[in-house]
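Take a look at the structure set out below.
Every number here is computed from the coordinates shown, using simple stated rules; none is lab data. Just so you know, these numbers come straight off a predicted model, no measurement behind them. Here the Cβ positions follow ideal geometry from the backbone for every residue, glycine too, while neighbour counts run over all protein chains shown.
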C-alpha cells in the first residue's frame, strides 16, 4: 500500500470523504469566511473543575476574551474572578443565572462546564440565543435530550463543539486514517478502557444550603433533593439524577473514539454487568461496569470497561482504546498517542504522539461560520454520549437489550424506554420543539 503523508491533514479529508459523514474526520481546513480579526467574546458556564481548563484554553486564542463567568455558586465564581484578574490583568463579569448571560448581545460563544444534567438545556438555550457552544462531555444526560441538542444546533445554524479533545489530536487523526486504510486489517472490535482511581466518598448527610449558592439554579432540570455535599460540587457524577457514572464521565472520550475508529453509529444489542464491590458509600452508579455493544449487521463489537481502583494497564493503556484487526492491533493512550503491533509476533508498527488545540478548532469554526469545521460536531456529541447511556440502561435493567438505532428506541421494551428521557422540573424543561 502506498505510504500516506501522515502530516497532511488534507489527505485525511480526501480519504474519508466517501465514508459516513458523521463519524469520519470532519473538514478542518481553517478557511475564514469573515472577520478573522474580530474579537470573540466568551462566557464560561461552570468555572470550577473543567471550567478552569475552558478559561485557559480560550484565553490562549488570538483575539478571544473571556468576559463572563456564570456559576450558581457565587463563592466559587467570585474567587475564580479574582484569580482571573490576577493572572490576566482583566476583570470579568460574574453572573449567577445563565439566562442573564444569554441576553448579552456582545457575547458570541459560551462554554458549558456545568454538571451533566445541565449540558443539553444550556446548549439549546444558547443556540436559541444565537450563541455558539463548546459543551463538555457528555453532551447529554440522556438519549432523548441529546437528539434535541442536535436539532437545536441545526435549526439555529450554530457551531457546537463537543469537549472531546482527542478529535483535534493530530496523532489520533493519523490513527483513524490508518484504521480506514486497513493498516491492521479488517477492524472488527474496539475496547474502551477507563481505569481511574475513584475512592470512598462517604455519606455527608443533608444540611442547609450554603450562603452564596443558588441551589435551585444548580439543580435546574433535575429533581430537587435536600442539599448535601454528597453532590455539590463534584460527586454528582456518581448520582443518577445529575451524572452518568464514569462511563459517562471520563468514558465519553473513549466511547467517542470506539465509534469513530469502527466507523459505526449506535448498536442494536447491548448488555452490561457491574456493581459496587469496594465501598459502602453514597454512590448510586456502579464502581465497576463491563458493557458490550454489538453490531450484528456490520460484524463489529465494542467492549467497554470501567474499573475504580488498583489495576493493571492493558499494553500500557489505562485510559484509552484498543482496536483489533485481522493483521494486528492498535493501542490508543490518553488523548494524543497511538501504537500499533502487527502479526503473530506483535512486531511494533507505526506510532505517533502529537496533540492538538480543540479550542482553536472551535474558534476557527466560529469565525468561519461553518459548523462542519468543528472536529467534535454535535452529532458525535449525541452518539458518543448515547452509547454510554445505553450501557448504563443495560446495567440498570439487568438484561440484554435490543435497540433500534434509527428510531433511537428499544424494541418492544417499555421498561427500558423509560430511561431514554426523564421528567424535567419546571421551568428548566428541555423542549420537545426546540
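Once every DSSP H run of n ≥ 4 in the chain is given -39500 (n - 2.57) and the sum is divided by its residues, what mean residue ellipticity at 222 nm do you get, rounded to the nearest 500 deg cm²/dmol?
Estimated from H runs of four or more residues: -9000 deg cm²/dmol.
Where the convex hull is taken over the Cα atoms of region 192-323, what is its projected area averaged over directions, in nm²?
Reported value for the Cα convex hull: 9.6 nm².
Report the far tail of the P(r) of region 359-434, meaning the percent of Cα-Cα pairs longer than 22 Å.
Counting pairs separated by more than 22 Å, the tail of P(r) holds 45 percent.
Pop the C-beta distance of residue 214 and residue 297 into the FRET formula with R0 = 60 Å and round what comes out to the nearest 0.05.
0.80
How high is the relative contact order of region 107-187? Use alpha-carbon pairs under 8 Å, at least six apart in sequence, and give a whole percent.
26
Please report Rg over Rh for region 269-412, where both radii come from the alpha carbon positions and Rh follows the Kirkwood definition.
When Rh is taken as the Kirkwood radius, the ratio is 1.01.
Please compute the length gained on full extension between residue 41 and residue 309, using 0.36 nm multiplied by the number of residues separating them and subtracting their Cα-Cα distance.
Between residue 41 and residue 309, full extension yields 92.4 nm more.
Wrap a convex hull around the Cα atoms of the chain, take a quarter of its surface area, and give that in square nanometres.
21.0
Rounded to two decimals, what ratio of Rg to Rh does region 41-135 give with C-alpha atoms and a Kirkwood Rh?
0.92
Run through the DSSP bridge list for the chain and note the antiparallel percent, rounded to the nearest 5.
Within the chain, antiparallel bridges account for around 60 percent of the total.
Using the Kirkwood formula over every pair of different C-alpha atoms, what hydrodynamic radius in Å results for region 147-209?
Its Kirkwood hydrodynamic radius stands at 17.0 Å.
Among 403, 69, 304, whose mean-square fluctuation peaks in a Gaussian network model of the chain (Cα, cutoff 10 Å)?
Most flexible of the set in this elastic network: 403.
Looking only at 312, 375, 53, which one moves most when the chain is put into a Gaussian network model with springs between Cα atoms under 10 Å?
312
I need the Kirkwood Rh of region 86-243: take the reciprocal of the average 1/r across all distinct C-alpha pairs and report it in angstrom.
18.7
Picking from 130, 334, 343, which is most flexible by a Gaussian network model of the chain using Cα springs under 10 Å?
Looking only at 130, 334, 343, the largest GNM fluctuation is found for 343.
I'd like the Kirkwood hydrodynamic radius of region 234-275, using the inverse of the mean 1/r over distinct C-alpha pairs, in Å.
After inverting the pairwise mean of 1/r, the radius is 11.9 Å.
Got the relative contact order for region 295-419 handy, in percent, Cα pairs under 8 Å and 6 or more residues apart?
Dividing the mean separation by the residue count of region 295-419 yields 9 percent.
What order do you get for 310, 324, 134 when you list them from fewest to most C-beta neighbours inside 10 Å?
By the 10 Å Cβ count, ascending: 310, 324, 134.
Taking the mean number of other Cβ atoms within 10 Å as a proxy for protection, how do you rank 56-66, 351-361, 143-153 from highest to lowest?
The packing order, highest mean first, is 143-153, 351-361, 56-66.
For region 45-101, take the alpha-carbon Rg, divide it by the Kirkwood Rh, and send me Rg/Rh.
Dividing the radius of gyration by the Kirkwood radius yields 0.93.
Relative contact order for the chain using alpha-carbon pairs under 8 Å, separation at least 6, rounded to a whole percent?
Reported as a whole number, the value is 22 percent.
If neighbour count is taken as other Cβ atoms inside 10 Å, put 124, 270 in order from fewest to most.
Lowest to highest Cβ neighbour count: 124, 270.
Could you calculate the FRET efficiency of residue 196 with residue 351 from 1/(1 + (r/R0)^6), where r is the beta carbon distance between them and R0 is 30 Å, rounded to 0.05?
0.80
Using alpha carbons only, how many angstrom separate the centre of region 285-305 from the centre of region 349-392?
22
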